[in-house]
């Protein structure tokens, strides 16, 4: 069948917001894409698909699954049909994210110093105290320009009413930005004419913006500060991204064993001796940063790093202890934070969230399980999730026991019908659920969000889980004018 | 440059150079082993002794079995020097230094990695297609050398890459020549017979140069000259040492500390031994000791380089 016919039988799933289709019509922003697809036959689409996966494989844009001593290389599945957003939709997202990040940043400053939000009883103290990511060790540390969240990847979803909701705040070491950039490069190779004629806003300046911000955070007044990207090493699943960003910014990619702290200063071990480092963009979790303060068994960190951080001789990006702000139980209080700190109404709504530590709401969730998704507050990557409409008896009785023994570690949310977007699968167009992760950068001159982001796709039919570790893929994301 | 990066680049090139040398030796041996009236017996023993760390007994049991030997050399990962392990390690080093090598270099190493991990290799070796297995890899190692030469910036990293490459190459040339001498026992009576050297020259890609350069019939002398001191032969010991000297000086630069001048002295002693050697003095009795001597010095020098530049963990 020619793509014309294929496109015509693609309707999206009823009951979901489809990004391309509205009833029998195509949405306006997709006009160019639809037109270009109609000119191609299935075979050339398949060829493009093959070319894309070869490009990813040869460039080593892979993540590695290790068993025994043989690593298996997997590419992060890429769907060749771009996801399109309009400038107006983007404006809503951009304003909403900026507002949210402003409030979250103020919250972090507050919670690690005066704690007024607790004294004013907006957020219960026990919620903070019981959060495993609240780091007492960094309380009172002054960070440059009072910025805690330099880099964020807040997950958005679109409900069946077409409204964007915030699903999750990722304020620690959000990953995936390299895929956003590489996806665009690959799409340029696959559909040069389409990209050129669609007036797609540029994302490629992300590394430059990031580099600028990193440079501006240097604590010492020197003209050429040393910035380094700290990676856990080649076995980390996001290692490709670390090398990608280091290369794009032209900064050294260091491991913990490359650094040493002497007299509260951080140095790199080079072939010409020690060289001081002023700013560290770390992709190592808080727990592993400094074995003297956090996990003593960590071989990934640098002994003495936090002491140097406290002294102010080195800036760490993102700040240490941000996990308290993206905890899934704190998430429910972000709208309250926005009202408290900014005296504004939240522009982007939260998904309704039920705290499992409250016995009444817990019972309510259990009674309405089939409409609920239960998540661990301190897990990411889609691990430890219970989808109420899919869970088996046996799994549920096990999960229920766990929840009842430690309710603080769980929250529940109603299952949101994520919007669908057309994907090219097995020679046909099929609707799959998608989310959106835009990447925001915050520096002394304000918050900047590159127009676009990573659209993650749940490639299994009907699945609502988009995480790459759970069989998700991605799409190039366009904001067009 | 980070010490760890310098270390990774050094080893990336050592592994690639080793893979290249091993492939050339194995391919040469394979072709010669097909020859009916080969001067040497069919044994794979010498190759296996250089590139595997297996027990002698085990080697004896497979020395006449081409497929078994090639499997051990190419894909048997219990052999720490097999091609698969060498490429995997090269890639691991490349990955660790990914932001310091060019995209093209990375892609080349990555392609070799995917090639060497193909399950089809074993089948091909089993069905007498060993050359078909080895030749693409030889091409890739040559490509790798070309791509690094064309795309890599000439900074500190380049110097460490080349130090690794030429130290490895020098050790290889010595090892191959030593093995050949051991086999022929430097037979002076057969001095007119080039055939016994042909195999060595082929595996060092130096046969053409040899027949073009050397006219006299004292082949033992000629081959030693080529392998040790011919400056035009890119695999000779002298050539490799000259390159090492060049890159060592560049790395050290003007910043000469006590440790660094010790490193320079150590290298100088080694180079002088080769540079001022009297070729006539080498004979059946003195040659093995001479090779052993420069090999020990070179390993010692390598150790010092590692200690001085790469100690980071």
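Just so you know, all these numbers are worked out from the coordinates, no wet-lab data involved. It should be emphasised that the depicted structure is a prediction, and the values quoted were computed from it without experimental measurement. When we count neighbours, we look across all protein chains shown, and the Cβ atoms used for this are built from the backbone with ideal geometry, even at glycine.
For segment A:376-454, compute Rg over Rh where Rg is the Cα radius of gyration and Rh is the Kirkwood radius from the inverse mean 1/r over Cα pairs.
Checking Rg against Rh, the ratio lands at 1.11.
Can you figure out the FRET efficiency of residue B:32 with residue B:123, using R₀ = 30 Å and their beta-carbon distance, to the nearest 0.05?
0.80
Looking at segment A:200-308, send over the antiparallel percent of its DSSP beta bridges, to the nearest 5.
In segment A:200-308, approximately 55 percent of DSSP beta bridges are antiparallel ones.
Could you state the per residue volume, in Å³, of the convex hull enclosing the Cα atoms of segment A:280-323?
Given the Cα convex hull of segment A:280-323, per-residue volume reads 63 Å³.
Is there a simple number for the mean count of other chain Cβ atoms within 10 Å of the Cβ of residues in A:242-251, and what is it?
Mean partner shielding for this stretch: 3.
Quick one: among B:144, B:214, B:247, which has the greatest mean-square fluctuation in a GNM of chain B with alpha-carbon springs under 10 angstrom?
B:214
Let me know the Rg and Dmax you get for segment B:69-120 when you use only its Cα atoms, in Å.
Spelled out, the Cα radius of gyration and Dmax of segment B:69-120 are 11.8, 37 Å.
What percent of all Cα-Cα pairs in segment A:67-175 falls into each 5 Å bin, going from 0 up to the bin containing the maximum distance?
Reading upward from the zero bin: 2, 8, 14, 16, 17, 12, 9, 9, 8, 3, 1, 0.
Hey, can you rank A:39-49, B:277-287 by average C-beta count inside 10 Å, highest first?
Result, highest mean first: A:39-49, B:277-287.
If you take every DSSP beta bridge fully contained in the protein assembly as shown, what fraction is antiparallel? Give it as a percent rounded to 5.
That works out to approximately 75 percent antiparallel.
When averaged across all projection directions, what area in nm² does the alpha-carbon convex hull of the protein assembly as shown cover?
40.3
Express the C-alpha Rg of segment B:1-88 as a ratio against the empirical globular expectation 2.2 N^0.38 Å, rounded to two decimals.
That ratio works out to 1.25.
Shielding of A:264-272 by partners, i.e. mean partner chain Cβ atoms within 10 Å per residue?
The shielding value for this peptide is 5.
Using R₀ = 41 Å, calculate the FRET efficiency as 1/(1 + (r/R₀)^6) where r is the Cβ-Cβ separation of residue A:36 and residue B:151; round to 0.05.
With R0 = 41 Å, the Cβ-Cβ based efficiency is 0.75.
Once the mean 1/r over all distinct Cα pairs of segment A:290-385 is inverted, what Kirkwood radius in angstroms do you read off?
16.8
Which semi-axis lengths, in whole Å and largest first, follow from the square roots of five times the eigenvalues of the Cα gyration tensor of segment A:202-311?
22, 18, 13
Based on a Kirkwood Rh over C-alpha pairs, give the Stokes-Einstein translational diffusion coefficient of segment B:163-313 at 20 °C and viscosity 1.002 mPa s in µm²/s.
Roughly 131 µm²/s, to the nearest whole number.
Take the alpha carbon atoms of segment A:103-163, find their radius of gyration, then divide it by 2.2 N^0.38 Å using N residues; give the quotient.
In units of the globular-protein estimate, segment A:103-163 measures up at 1.40.
Once you compute Rg and the Kirkwood Rh from C-alpha atoms, what is the Rg to Rh ratio for segment B:66-224?
Using only Cα positions, Rg/Rh for segment B:66-224 is 1.03.
Classify chain B: rounded, prolate or oblate, from the alpha-carbon gyration tensor (a ≥ b ≥ c, eigenvalue square roots; a/c under 1.5 rounded; otherwise prolate if a/b is larger than b/c)?
Oblate, because a/c is 1.5 or more while a/b does not exceed b/c.
Compute the semi-axes of the equivalent ellipsoid of segment A:127-273, taking the square root of 5 times each eigenvalue of the Cα gyration tensor, and list them largest first in whole Å.
32, 24, 15
Can you give the Kirkwood hydrodynamic radius of segment B:239-284 from its Cα pairs, in Å with one decimal?
Final number for the Kirkwood radius of segment B:239-284 is 11.9 Å.
Taking just the alpha-carbon atoms of segment B:1-152, what radius of gyration and Dmax come out, in angstrom?
16.3, 54
At 0.36 nm per residue, minus the direct Cα-Cα distance, what do residue B:65 and residue B:182 gain on full extension? Give it in nm, one decimal, please.
39.9 nm
Past the 19 angstrom mark, what percentage of all C-alpha to C-alpha distances in segment A:356-415 do you count?
Considering segment A:356-415, 17 percent of its Cα-Cα pairs are separated by more than 19 Å.
For every helix of n ≥ 4 consecutive DSSP H residues, a contribution of -39,500 (n - 2.57) applies; sum these over the protein assembly as shown, divide by its total residues, and give [θ] at 222 nm rounded to the nearest 500 deg cm²/dmol.
Result for the protein assembly as shown, helices only: -14500 deg cm²/dmol.
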